[in-house]
Amino acid sequence: MCGIVGFVGKQSAAPILLKGLKQLEYRGYDSAGIAVMDADGIRVEKVSGRIARLCEKTENGAAVPGSIGIGHTRWATHGAPTDVNAHPHLSNDGRFAIVHNGIIENYLALREELISDGYVFQSETDTETIVHLLEKYYDGDIKAAVMKTAARLEGSYALGILCADAPDTLYAVREASPLILGIGVGENYFASDVTALVAHTKNVIYLEDGEIAALTPGSIEVYDCTGQRLQKPISRVTWSVEAAEKGGYEHFMLKEIMEQPAAVKAALAPRLHEGEIRLDDFELSEETLRSVSKIVITACGSAYYAGCSGRYAIEKLCHIPVQVELASELRYGEPMVDEHTLVLVISQSGETADTIAALKECRAHGATIIGIVNVVGSTIAKLADHTLYTWAGPEIAVATTKGFTTQLAILYLFALYVGKKLGRVEQAQYAALLRSLKLLPKRLQETIDMNYQIPALAGRYASQSLFFIGRNTDYAVALEGALKMKEISYLHAESYAAGELKHGTIALIDEGQPVIAVCCNEALCDKTLSNIVEVKARGAKVLALAFRGNKKIVSQADDVIFIPQIETVFSAALAVVPLQLLAYYAAREKGCDIDKPKNLAKSVTVE
Ligand code: F6R
């Protein structure tokens, strides 16, 4: 999704902006541009396609002099990904240049108004209305023009603004779209994502909704929407530059798959204390938990599938009914949520627009919200009553991997914590489950180590259409496995609860049809085995996924991927790993752009 960077200092701005934009490439984009200001005014350079083209066009920034500027990667929403629609956009008088993340919902009405005022539009974007509004409201006071403009906008926006009348000041404003200010020495920055800042500074200020910032080389001032000066806390980023780089791997996705043992350890270890689970800086008392009549989990995409998997763990260990809802559906439904509902909102980025809207909807119905979030200081982390960070570190590849497994780790921890508090998990079972959970990072490493044959299996099973089947927790893994395959290899993959095949889908099984059967739930293994037999009888080629030592599976499936033993309730965190690798190698074989799959964005900050 779109990315924003801004720089003001003494050095040449363009190379710094281009570098920052490259750090944001992973978010997905289809055009890019920069605006740099010097004594001659503001100069804009923008291209459709990759940042490499922008670097070429600007001679790596050397052709655009000036030490203050803004940059943008655009993921087209309003208007095609063309040079003209790319940001930055200029006002008619050339005084203002802006970059924008988000969507202006009332842009059509504003556009009509501005056209009748005589403003000429170059692009089809909603963004261009903003820059003309700035020109319209400007009477010599830039901050006042920004405030008046912001007051006219409906929707979401993070804006970076240059004004030719303020040659050493960058302006920024946010509403429902992230923007972070970076504090340097004799220079300052902003970006929509902390990964674009860590190479320069670890000291940041998180801008809140409705706030406006003015940055010069030596100062940062933040104001509320009425123009009152605010004192903002400075936060320290703990991510290193290396953590946001590839570290010798061919793709970020592979690096992040390999990082899962360490990431899950980082999620679990600080919360496990001598046989006890502690939930960071909050506690859910037995009394609070007894008043909970149900748990709603809401999220999008893989985070939703993590929720589907977490549901089994919570229902099994806590005996509380769990409803898992797609955030994009919940936000427009009639959610059966009240003050006795505990809502778990899961999001790697913490910025997914639908998930934020679902959170707000649940909050409006009186529910208590716990965020399960990776990105520190993100919108969901701030809106939730309590946040459990997944501590996965920066996830750069668009397709989530370590984000997903750390979400599962937190859900398991949560289920065990609540189950114990409510006395629904007995001490002996609790101790055994805790032991098993502690071993999860080690078992993840073994899973990775024992699956060296996956590249060869990917070659054999990747085909135009695949089926993924499983029951219970295995079904949640099948859902995530099929999504991974679709999104990075562009192969059609269907996931089915294994028992559903005979209700229609089995009609699609023909000679040679690949079926990936997840069979790690030992209690249901025989049931899934009979589904394997059914599809094989119709010619399917079956690749099964099972615990090491499962002899029955070996006798029925064409090929088997094994994972090490773990308590069934935690098995999804291991079982998903071979499926991530299968999708990765299938995509690699096809030569796909694995870290930046087509049409996708890392952080879906628009509806
Ligand atoms: C798939 C994937 C997406 C995200 C979804 C939610 O690999 O990454 O399906 O899981 O867009 O994103 P977050 O977790 O950032 O809310």
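The values are calculated or read from the model by the stated rules, or taken from the named source; none is laboratory data. Small disclaimer: the values here were computed from a predicted structure and weren't measured. Glycine also receives a Cβ, built like all others from the backbone with ideal geometry; neighbour counts cover every protein chain displayed. Please note that ligands, DNA and RNA were not included when accessible areas were found on the heavy atoms of the full protein model with its side chains. Shrake-Rupley method; radii C 1.70, N 1.55, O 1.52, S 1.80 Å.
Structure summary
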quantity	calculated
From Val560, Val606, Val542, residue being within 30 Å of Pro81 (Cβ to Cβ) and among the aliphatic types (A, V, I, L, M)	Val606
Criterion: more than 17 Å from Phe404 (Cβ to Cβ), touching a helix residue (DSSP H, G or I) at 6+ places or on another chain (Cβ under 8 Å) and open to solvent by 20 Å² or more (accessible area, probe 1.4 Å) - qualifying residue of Lys360, Lys382	Lys360
Residue within segment 48-62 that is part of a strand (DSSP E or B) and either open to solvent by 40 Å² or more (accessible area, probe 1.4 Å) or β-branched (Val, Ile, Thr) (or both) present	no
Qualifying position, being in the same structural domain as Arg236 (by TED's automatic domain parsing), closer than 20 Å to Val241 by Cβ and either surrounded by fewer than 18 Cβ atoms within 10 Å (Cβ to Cβ) or touching a residue at least 40 places away in the same chain (Cβ under 8 Å) (or both), among Ser156, Ser192	Ser192
Test: residue in segment 9-31 that is modelled with pLDDT of 95 or more and touching a Leu at 6+ places or on another chain (Cβ under 6 Å)	no
Residue that is surrounded by the most Cβ atoms within 10 Å (Cβ to Cβ) [pool: residues in segment 541-556 that are in contact (Cβ under 8 Å) with a residue 40 or more places away in the chain and within 14 Å of Phe468 (Cα to Cα)]	Leu545
Options Gly94, Gly69, Gly79, Gly140; residue that is in a strand (DSSP E or B) and outside the structural domain of Asp354 (by TED's automatic domain parsing)	Gly69
Test result for Ile4, outside any loop (DSSP other than H, G, I, E, B), within 21 Å of Lys598 (Cα to Cα) and either touching a strand residue (DSSP E or B) at 6+ places or on another chain (Cβ under 8 Å) or at pLDDT below 95 (or both)	yes
Residue match in segment 267-288 (condition: aliphatic (A, V, I, L, M), within 16 Å of the ligand (Cβ to nearest atom) and open to solvent by 60 Å² or more (accessible area, probe 1.4 Å))	no
Residue count for segment 174-188, restricted to those that are under 16 Å from Ile4 (Cα atoms), touching a residue at least 40 places away in the same chain (Cβ under 8 Å) and touching a helix residue (DSSP H, G or I) at 6+ places or on another chain (Cβ under 9 Å)	5
Any chance Ala392 is buried (at least 24 other Cβ atoms within 10 Å of the Cβ) and either of a type outside the set (A, V, I, L, M) or not in a strand (DSSP E or B) (or both)	yes
Residue that is nearest to the ligand (Cβ to nearest atom), among those in segment 312-360 that are assigned to a helix (DSSP H, G or I) and charged (D, E, K, R)	Asp354
Number of positions in segment 318-338 that are modelled with pLDDT under 95, surrounded by 20 or more Cβ atoms within 10 Å (Cβ to Cβ) and of a type in the set (Gly, Ala, Ser)	0
The lone exception for Leu254 - which of (1) open to solvent by 40 Å² or more (accessible area, probe 1.4 Å); (2) within 16 Å of the ligand (Cβ to nearest atom) it fails	(1)
Selection within segment 162-179 - crowded, with 24+ Cβ neighbours inside 10 Å and part of a strand (DSSP E or B)	Leu162, Leu170, Tyr171, Ala172, Val173, Arg174
Meets criteria (in a strand (DSSP E or B), open to solvent by 10 Å² or more (accessible area, probe 1.4 Å), out of contact with any Cys (no Cβ under 8 Å at 6 or more places or on another chain) and not aromatic (Phe, Trp, Tyr)) for Ile103	yes
Selection from segment 507-527 of residues that are open to solvent by less than 30 Å² (accessible area, probe 1.4 Å) and either over 24 Å from Gln453 (Cβ atoms) or modelled with pLDDT under 95 (or both)	Ile509, Asn521, Cys525
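Let's see how each residue does on (1) touching a His at 6+ places or on another chain (Cβ under 9 Å); (2) more than 30 Å from Gly182 (Cβ to Cβ); (3) among the polar types (S, T, N, Q):
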{"residue": "Glu329", "(1), (2), (3)": "no, yes, no"}
{"residue": "Thr368", "(1), (2), (3)": "yes, yes, yes"}
{"residue": "Val375", "(1), (2), (3)": "no, no, no"}
{"residue": "Glu426", "(1), (2), (3)": "no, yes, no"}
{"residue": "Ala432", "(1), (2), (3)": "no, yes, no"}
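Conditions (1) open to solvent by 10 Å² or more (accessible area, probe 1.4 Å); (2) of a type outside the set (Gly, Ala, Ser); (3) within 16 Å of the ligand (Cβ to nearest atom), marked per residue:
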| residue | (1), (2), (3) |
| --- | --- |
| Phe562 | yes, yes, no |
| Thr568 | yes, yes, no |
| Ala573 | no, no, yes |
| Val577 | no, yes, yes |
| Ala587 | no, no, yes |
| Gly591 | yes, no, no |
| Pro597 | no, yes, yes |
